[in-house]
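The values are calculated or read from the model by the stated rules, or taken from the named source; none is laboratory data. Note that the coordinates shown come from a computational prediction; the quantities given were computed from them, not determined experimentally. Because the Cβ atoms are built from the backbone with ideal geometry, glycine has one as well, and the counts that use them run over all protein chains shown.
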Amino acid sequence: MGNDLGAARWQGPQETLACDDEGIRERLRDLEQPCYVVREGERIGVTHAGRRAAPDEEGLTLLAALEPLSPQRLGDPAFCETYGLKYAYMAGAMANAIASEALVIALGREGLLGSFGAGGLTPQRLEEAIRRVQAELPAGPYAFNLLHSPDEPALERGAVELYLKHGVRIVEASAYLRLTSAVVRYRAAGLERGPDGEIRIRNRVIAKLSRREVARQFLAPAPAKLLQELVAAGQITARQAELAEHVPMADDITVEADSGGHTDNRPLVCLLPSMIALRDELQATYGYATPVRIGAAGGISTPAAVLGAFMMGAAYVVTGSINHASVEAGTSPQVKQLLAQAAATDVMMAPAADMFEMGTQVQVLKRGTLFPMRARKLYELYAAYDSIEALPAAEREQLETHVFQRSLDAVWDDCITFFNTRDPEQLRRAEGDPKRKMALIFRWYLGLATHWGIQGDPQRRMDYQIWCGPAMGAFNDWVRGSYLEAPENRHVVTMARELLDGAAVLYRIQALRLQGVRAPQRWAQLEPLAAF
């Protein structure tokens, strides 16, 4: 189990040596203490006590030594400094306030960054959330989601208006296909020149994406055309537009791999290095004073995944699916129970409500719900027919009886009521366009399926839309048999600390191996401990 790495010796009380697996794991998990791996005859022992012996002193053979390792040392310290964090860890947004005020506040109180799920909310509901989070975390840290809404741009613009009005200083920009005037306005409106001449960035942008062509836009300064239009509209000053030409659109880019919700299902081990290389290329071109940091999301749900992301160069990690099942998540106990039972293979892609006409998909849970299959059927009908009236009678009856559970005429009446309040432009665009009308009717089901799950509607249990990636199954496998197996124990802060501490312990084990200690894999079998 170990190699003699030269003549290094250890001196200390031999009774402190742990030679059994449980004792060794216990010492490795005490991250505030150093660790010495010592050979005693034919046995290998691990201890916190003692010291490395001087060259002229006797002692037991010292195989390896580890310094204390706080999880706060994982990741890029600049990320923590920029946002006032203790840990390079973030909980990403989940729309419709599933990433709730309670979730963001709980994380913020412990020096962790959470992003409120603003997507899909009315302006009134979003403003309520801003006021509550700011009241509980007046000095931060917190972030709010800015969701790209190509079919409902008024929502995106309205969110920016509220963020500027209330001084929200960090947004997580997600699902962007291209830069919009709304996100550019938010960024540029927070720029000013300091007394020292340096550009001060008051409005921070963390862009979550998975495509290099989108990353290029956030790694570059804001487009001059959009800046000029914003100046002409009086939404930013000419001075702010000039400053925007010298800073990137994002402070940080979260590389989103195989995640829940919007995803391209790409493997992190391929995507993250590619994005880091792209960042380095564009940093050489633009020479920013502070390079854009690159974080990792998608599949982050076990200590091994956290450590893997950091070792590949991630400045920070972002969790998603596991927080959907947390105590603080703004969804029903029924959904949390389904998530707690999910395996990594219990997910599939389904049409997205916010980009339905474009054929965009989101990753959702398929276990315990028929939503993904029914949603796919709706898109197939949308692609095959030009109007509701063109649907075959049998198909229409099937939809009304089993999917919508009401007449399509009644659904359209609901759409009129909903969009008259939320975004009347949607109704104007549907006038004289039966295909567009059909899309709005089908989106009725996709949108409400999320709310049925959030509310735990027992009548629509088989129609719950639950955003989820394979990370949920990996987490469930890891915590099986531990206190975190029960949904009522899955607090967001507890899960974060377990992941970070576990990653630090795994780093220690790898460090031992690099020093020549043949540490068996059973030392790395780290069940969660109720220690936080």
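Among residues that are in contact with a Pro (Cβ under 9 Å, 6 or more places away or on another chain) and basic (K, R), R9 is included. Scan segment 339-352 for residues that are over 16 Å from A383 (Cβ atoms) and among the small types (G, A, S) and the total you get is 4. Within segment 184-197, is there a residue that is in a helix (DSSP H, G or I), under 21 Å from L227 (Cα atoms) and of a type in the set (A, V, I, L, M, F, W, C)? Yes, because at least one residue in segment 184-197 is in a helix (DSSP H, G or I), under 21 Å from L227 (Cα atoms) and of a type in the set (A, V, I, L, M, F, W, C). Just one residue in the set A159, A143 is closer than 18 Å to A329 by Cβ, buried (at least 22 other Cβ atoms within 10 Å of the Cβ) and in contact (Cβ under 8 Å) with a residue 24 or more places away in the chain; that residue is A143.
Please verify whether segment 489-497 includes one or more residues that are touching a strand residue (DSSP E or B) at 6+ places or on another chain (Cβ under 7 Å) and assigned by TED's automatic domain parsing to the domain that holds A352. No, the conditions are met nowhere in segment 489-497. Looking at segment 404-493, the helices (runs of 4 or more DSSP H) lying wholly inside it that each contain 1 or more residues that are modelled with pLDDT under 95, farther than 27 Å from V347 by Cβ and among the charged types (D, E, K, R) sit at 408-422, 425-430, 434-455. Scoring V38 on the criteria (1) surrounded by fewer than 22 Cβ atoms within 10 Å (Cβ to Cβ); (2) out of contact with any Asp or Glu (no Cβ under 9 Å at 6 or more places or on another chain); (3) among the β-branched types (V, I, T) leaves a single failure, condition (1). Checking each residue in segment 366-397 for being surrounded by 16 or more Cβ atoms within 10 Å (Cβ to Cβ), of a type outside the set (A, V, I, L, M, F, W, C) and part of a helix (DSSP H, G or I) picks out P372, R374, K377, Y379, Y382, R396. Looking at V255, V231, which is the one that is over 18 Å from the mean Cα position of the chain (by Cα) and of a type in the set (V, I, T)? Matching residue, one of V255, V231: V231. Taking the numbered list (1) buried (at least 16 other Cβ atoms within 10 Å of the Cβ); (2) of a type in the set (S, T, N, Q); (3) part of a loop (DSSP other than H, G, I, E, B); (4) not assigned by TED's automatic domain parsing to the domain that holds P77 in turn, Q363 passes all entries but (3). The set of residues from segment 371-393 being farther than 15 Å from G260 by Cα and out of contact with any Phe, Trp or Tyr (no Cβ under 9 Å at 6 or more places or on another chain) comprises M373, R376, K377, E380, A383, A384, Y385, D386, S387, E389, A390, A393.
Each row is one residue, and each column tells you yes or no for (1) among the hydrophobic types (A, V, I, L, M, F, W, C); (2) in contact with a Leu (Cβ under 9 Å, 6 or more places away or on another chain); (3) over 20 Å from A430 (Cβ atoms).
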{"residue": "E328", "(1), (2), (3)": "no, yes, yes"}
{"residue": "A340", "(1), (2), (3)": "yes, no, yes"}
{"residue": "G359", "(1), (2), (3)": "no, no, no"}
{"residue": "L378", "(1), (2), (3)": "yes, yes, no"}
{"residue": "E397", "(1), (2), (3)": "no, no, yes"}
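Exactly one residue out of W444, W452, W478 is of a type in the set (A, V, I, L, M, F, W, C), surrounded by 16 or more Cβ atoms within 10 Å (Cβ to Cβ) and free of Cβ contacts under 8 Å to residues at least 40 places away in the same chain: that is W452. Here segment 275-304 is the region considered, the condition is being aliphatic (A, V, I, L, M), under 23 Å from the mean Cα position of the chain (by Cα) and not in a loop (DSSP other than H, G, I, E, B), and the residue that is nearest to N323 (Cα to Cα) is A297. None of T285, T331 is farther than 23 Å from H491 by Cα and among the hydroxyl-bearing types (S, T, Y) except T285.
So, in segment 145-183, of the ones that are part of a loop (DSSP other than H, G, I, E, B) and among the basic types (K, R), which residue ends up farthest from R131 (Cα to Cα)? Ranking the qualifying residues of segment 145-183, first place goes to R178. Suppose the filter is within 19 Å of V255 (Cα to Cα), modelled with pLDDT of 95 or more and of a type outside the set (S, T, N, Q); does L74 pass it? So L74 fits the description; yes.
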